[in-house]
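No value in this document is a laboratory result; all are computed from the given coordinates. Keep in mind the model is a prediction, meaning the values are calculated, not measured. Cβ placement follows ideal geometry from the backbone for every residue including glycine, while neighbour counts extend to all protein chains displayed.
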Ligand SMILES: *Cc1c(COP(=O)(O)O)cnc(C)c1O
C-alpha cells in the first residue's frame, strides 16, 4: 500500500503564500513607544524582508536562486501516510505527515533561513547574525549562509551551548561563529554577565544579543519565527502539501502542528486556510499545540508585548506569557518562546485556530510510540503534536466517522536522543 507522495522537483511551487490580505480583520500594527525600535529594524533587517513584512501581495514569486537552494537541500519534501500509526489508533483517522524532517538540517527552519540570508546577501551584508535555542534555527542559518557564501554569527542560549553541543558542531561544520548568550560581544550581554556570570540565557536574551551585534557591526539580523515575512517564506511547505494532498486524493478535515513562535504551524496551515478565508466558509478544524512548560497557547494573554527580553524590538499584539519568562530547567524541548506569532494569535482570538498545551512526559511518551510503530524518530518539538492525533482519533470513533488529518512533521529527533534518553530513563 502506498505510503509516500512525492512531488517531482520540476513541479515545485513557484510562489509563497501571504495571509495578510486574507485575514478576517487587519493585523494590529507594531507598537513603538520610543520611536527607536522601528529605526533599529530598518537598520538591521534586509530591506526586502521588511517590505514583505507589511506586503499585501498574496502570492509573491520565489526568486530563482532560492528555488535552486530549496531543491539542493531536499525539497520538495515527501508527504507520508502514517498507516502504522493509523492501525495503532484503531483506524479511525487517515494520517498524512508533511515531512519537514527530510531537509538537510532536519527541520522546517531552512525554508525561511535561505530567503533571509539571500535577501541580506543581495544587499551586500558583511555577515548575518541570529539567535538559537536548541540549535535548529542556528543550524539552518549556518547552512543558508554557507550556500550563499556569507559569514554567520549565531548567539546560542548559554545552557544549550554547553549541554547540547551536536547542533553547535553542525553549525561549526558550516563554518559559522557560534557564541554563548548572554554574550561578551554586546553591552546587554556584558551587563547580564556582570550581574550573574552563570546566567543560563534564554531565547529572548539571545535575540537582543544578535540584534545589538548586527546593529553595532553593520551586519543583518535574521528572524527565525513569529513575524509575517518569516512565516511567508516557510509556506513553501504548505504550498507543496496542497498539491500532494490532491495527488493522494484527500482533503484534510484537520490541520495540526506545534508552535514555538508559530511559523512551523502557520507555514503548513495558511495556504489551506487562505482558500477557506477567501471563500467565506471554514469547514476544517485547525489545531495547534505548544508545551505546558511554556504555556502560552492555553494561558497566554492577548496583548502587546516585546518579542525580545532586552525590549529592543517593537511590541507586537500576541498571546504571551511575558517577555521575561524563563522556562523550567527540566524542559528539554525547543518550544520555549514566550509568545505566539501575531497572525496566528489573531486567528486564535477569532476562534479559527484552536490551541492545546501538552507536558513533556505526555509528548515524549508519544514520541516513543511513534518511533516504535512508524520507525522514524520525531523531534521533541514535533512530538507535542502527536497527542492531538490521539484526541481526533478518539472523537472520530465516538462519532463513527473517519477523519483525515494533516500534520506538520516539523523535524527529526536524531540529534535529540540525549534528551529522550534522560527523560525516558534509558540506561
Ligand atoms: C523550531 C522548531 C519548531 C517550532 O517552530 P516555530 O516556527 O518557532 O513555531 C517545531 N519543531 C521543530 C523540529 C523545530 O526545530
*Rounded to the nearest Å, what's the spacing between the alpha carbon centres of region 319-345 and region 355-427? Just the number, please.*
20 Å
*With N denoting the number of residues in region 1-48, provide Rg(C-alpha) divided by 2.2 N^0.38 Å, to two decimal places.*
2.03
_Debye log10 I(q)/I(0) at q = 0.12 Å⁻¹ for the chain, Cα point scatterers_ = -0.93
_Just to confirm the number: angle between the C-alpha axis of helix 236-247 and the first principal axis of the chain, 0 to 90 degrees, nearest 10?_
10 degrees
*Of the peptides 39-52, 369-382, 327-340, how do they stack up when ordered by the mean number of other Cβ atoms within 10 Å, highest first?*
327-340, 369-382, 39-52
_region 5-137: relative contact order in percent, alpha carbon pairs under 8 Å with at least 6 residues between_ = 27 percent
*In a GNM of the chain with a 10 Å cut-off on Cα contacts, which of 167, 368, 36 has the highest mean-square fluctuation?*
36
*Please state, rounded to one decimal and in Å, the Kirkwood hydrodynamic radius that region 53-130 gives when every pair of distinct Cα atoms enters the mean of 1/r.*
15.3 Å
*Please work out how much length the chain gains when fully extended from residue 177 to residue 390, using 0.36 nm per residue of separation minus the C-alpha to C-alpha distance, in nm with one decimal.*
72.5 nm
_At 222 nm, what value in deg cm²/dmol follows for the chain if DSSP H runs of at least 4 each add -39500 (n - 2.57) and the sum is divided by all its residues, to the nearest 500?_
-12500 deg cm²/dmol
*Using per-residue counts of other Cβ atoms within 10 Å, averaged over each peptide, order 205-216, 258-269 from highest down.*
258-269, 205-216
_So for each of 25-34, 86-95, 129-138 I average, over its residues, the number of other beta carbons within 10 Å; can you give me the resulting order with the highest mean first?_
129-138, 86-95, 25-34
*Please report the base-10 log of the normalised intensity I(q)/I(0) for region 82-165, using a Debye sum with one equal scatterer per alpha carbon and no solvent, at each q in 0.12, 0.16, 0.17, 0.23 (1/Å).*
-0.48, -0.68, -0.72, -1.02
*Taking 0.36 nm per residue of separation and subtracting the Cα-Cα distance, what length does fully extending residue 279 through residue 57 add?*
78.1 nm
*What percent do you get for the relative contact order of the chain when only Cα pairs under 8 Å and 6+ apart count?*
20 percent
*Between the helical axis of 203-217 and the dominant principal axis of the chain, each derived from Cα atoms, what acute angle in degrees is found, rounded to the nearest 10?*
50 degrees
*Between residue 29 and residue 122, how many nm apart are label points set 7 Å from Cα along the C-beta direction?*
2.5 nm
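Any chance you could list the semi-axes, whole Å, largest first, of the equivalent ellipsoid that the Cα gyration tensor gives for region 138-188, using √(5λ)? Don't skip to the answer; put the middle values down first.
Working: eigenvalues 71, 38, 8 Å².
Rounded to whole Å, the semi-axes are 19, 14, 6.
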_Overall form of region 270-345 per C-alpha gyration tensor (a/c, 1.5; a/b vs b/c)_ = oblate
*To the nearest 10 degrees, how steep is helix 386-399 against the longest Cα principal axis of the chain, on a 0 to 90 scale?*
30 degrees
*Can you tell me how much longer the chain between residue 246 and residue 149 gets when fully stretched, taken as 0.36 nm per residue apart minus their C-alpha distance, in nm with one decimal?*
31.2 nm
*Relative contact order (%) - region 269-404, alpha-carbon pairs under 8 angstrom, separation at least six*: 24 percent
*How would you classify region 291-427 from its alpha-carbon gyration tensor, with a ≥ b ≥ c the square roots of the eigenvalues: rounded for a/c under 1.5, else prolate if a/b is greater than b/c, otherwise oblate?*
oblate
*Report the antiparallel proportion of the DSSP beta bridges in the chain as a percent, rounded to a multiple of 5.*
30 percent
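Given axes a ≥ b ≥ c from the Cα gyration tensor, I'd like to know whether region 1-139 is rounded (a/c under 1.5), prolate (a/b larger than b/c) or oblate.
Prolate shape, in that a/c is at least 1.5 and a/b is the bigger ratio.
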